[in-house]
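Structure first, commentary second.
The values are calculated or read from the model by the stated rules, or taken from the named source; none is laboratory data. Here the structure is a predicted model, which means the values were calculated and not measured. For neighbour counting, all protein chains shown are included, and Cβ atoms are generated from backbone atoms with ideal geometry for every residue, glycine included.
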Amino acid sequence: MTWVAGKVMTALTAMTCAAAALTTMAAGPATASPPPNGDSAPHGNGHWRLEPTAARHDTNTTARFRGLAAVSRTTAWVAGTNGTVLRTHDGGRHWSDISPPGAGALEFRDIEALDARHAVVLAIGEGAASRVLRTDDAGATWTETFRNPDPRAFYDCLTFFDRRHGLALGDPVDGAYRILSTRDGGRRWHLLPTGGMPPAQKGEAAFAASGQCLVSNGPRDAWIATGGADHARVLHTTDRGHTWTAADAPVPAGDPARGVFALAFHDRTHGLAVGGDYRPDQPSPHAAAVSADGGATWAPATTPPTAYRSGVAWLPGSRHTALAVGPSGSDITSDGGRTWSTIDTGSYDTVDCARDGACWAAGEKGRVARLEP
């Protein structure tokens, strides 16, 4: 589903937070009002702090980054508008512009890093605008490995189970979602049969908002987030995309702008869903849900985020703490997604956490951020 990015201004930003104060921040409301610029909100003993860093970075950009891959505290990749791909290897102090040559017309909405040097990036759009590119040398060179031949198809998200096996999600064609599969790390892709896919609802599609409309956990499980139809749904596969089951999610739906936008699972059982209505003039009540059975059933969050959220990620090593982000702010939960508290009012579209505990966020106006001690 096309998700139009607004006009952006120049700036690269970095964000720091007292990681040791995460528990304190999650415990209750902020103790001070957000500053006028809306870029940070003091909260308990710590706060999210944004530092304008364009003058200190190698690359100054106007891109909006909806694709983000956190590798570690030092290495992260972002991908966005105007065919832009950036990479840092020093914790965000410097960024290298590694955009694929000739990609200026492409809209990158997802990037999956297999490690610090290998990554796969997805461009969205109808027909040939949907493409997959791979790099094996930290972005020095790129190889196009898939170009969509069907003018009716539109691809939204990527996920990888391991370094070799991955899936790409396309919106429904002839009543069924399109699923691409790779067994060689994204070098080659083939279209899976649709016989095991539940029929799509009228108007249903996925949102290419944060690279999290298709996520995986473990060697074979993956989940799809949907919206745009009468009911928001989450689809689940246990066999790498060959067969799927569908479950309704208690998130606002019934409109092309509403649904589940992002998912996160910290194991095969426990998952989070966030979304709502992406239009800034529309409210998004009940825009978060939790599952304790692998996505078979979903329960609404008791205290959801106060507005639409497009990205969500579990903090590494935690079964209870997660972050959600959106254009109007960021939220944290410390009880597995049942209650959320706003900790920041800055704009981000996506969030991702690495195995070493580093969490990164990215969004409009070239914004890139890191959660660090």
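Would you mind stating whether Pro327 is surrounded by fewer than 22 Cβ atoms within 10 Å (Cβ to Cβ) and at negative phi? Steps first, please.
Working: surrounded by fewer than 22 Cβ atoms within 10 Å (Cβ to Cβ): yes; at negative phi: yes.
Yes; evaluated as a whole, the condition is true for this residue.
Ala105 meets all of the listed conditions (1) modelled with pLDDT of 95 or more; (2) surrounded by 19 or more Cβ atoms within 10 Å (Cβ to Cβ) but one, namely (2). If you take the residues of the stretch 309-333 that are touching an Asp or Glu at 6+ places or on another chain (Cβ under 6 Å) and hydroxyl-bearing (Ser, Thr, Tyr), which of them is farthest from Pro280 (Cα to Cα)? This residue is Ser330. Of all the listed residues (Ala361, Ala369), the sole one being outside any loop (DSSP other than H, G, I, E, B), at pLDDT below 90 and more than 19 Å from Arg279 (Cβ to Cβ) is Ala369.
For first residues located in the stretch 235-255 and in contact (Cβ under 8 Å) with a residue 60 or more places away in the chain, partners that are among the basic types (Lys, Arg) and lie 6+ apart or on another chain with Cβ distances below 7 Å form the pairs Arg240/Arg220.
Applying the condition of being buried (at least 22 other Cβ atoms within 10 Å of the Cβ) and in contact with a Ser or Thr (Cβ under 6 Å, 6 or more places away or on another chain) to the stretch 334-349 and asking which residue is nearest to Trp360 (Cα to Cα) yields Asp349.
Taking the conditions exactly as written (more than 21 Å from the chain's Cα centre (by Cα) and either crowded, with 20+ Cβ neighbours inside 10 Å or of a type in the set (A, V, I, L, M, F, W, C) (or both)), does Trp95 satisfy them or not?
Details: more than 21 Å from the chain's Cα centre (by Cα): no; either crowded, with 20+ Cβ neighbours inside 10 Å or of a type in the set (A, V, I, L, M, F, W, C) (or both): yes.
Spelling it out, it is not the case that Trp95 is more than 21 Å from the chain's Cα centre (by Cα) and either crowded, with 20+ Cβ neighbours inside 10 Å or of a type in the set (A, V, I, L, M, F, W, C) (or both).
Anything in the stretch 52-92 that is among the hydroxyl-bearing types (Ser, Thr, Tyr), modelled with pLDDT of 95 or more and not in a loop (DSSP other than H, G, I, E, B)? List them, or say none. Residue satisfying the conditions is Thr81 alone. The number of residues in the stretch 258-280 that are over 20 Å from Cys353 (Cβ atoms) and over 17 Å from the mean Cα position of the chain (by Cα) comes to 2. Screening Val85 with (1) in contact with a strand residue (DSSP E or B) (Cβ under 9 Å, 6 or more places away or on another chain); (2) more than 28 Å from Arg178 (Cα to Cα) gives one miss only, at (2). Pairing each residue of the stretch 204-216 that is over 19 Å from Arg279 (Cα atoms) with any residue that is in a strand (DSSP E or B) and of a type in the set (Asp, Glu), provided the two are 6+ apart or on different chains, yields C-beta distances under 9 Å for Leu214/Asp110; Leu214/Asp156.
Criterion applied to Ala313, Ala262, Ala299 was being out of contact with any helix residue (DSSP H, G or I) (no Cβ under 7 Å at 6 or more places or on another chain), aliphatic (A, V, I, L, M) and surrounded by fewer than 24 Cβ atoms within 10 Å (Cβ to Cβ), and the one residue passing it is Ala299. Looking only at residues in the stretch 205-240 that are within 19 Å of Val312 (Cα to Cα) and β-branched (Val, Ile, Thr), the one that is surrounded by the most Cβ atoms within 10 Å (Cβ to Cβ) is Thr226. For the structure I just gave you, tell me whether Arg164 is in contact with a strand residue (DSSP E or B) (Cβ under 6 Å, 6 or more places away or on another chain), more than 22 Å from Gly366 (Cα to Cα) and free of Cβ contacts under 8 Å to residues at least 60 places away in the same chain. So Arg164 does not fit the description; no.
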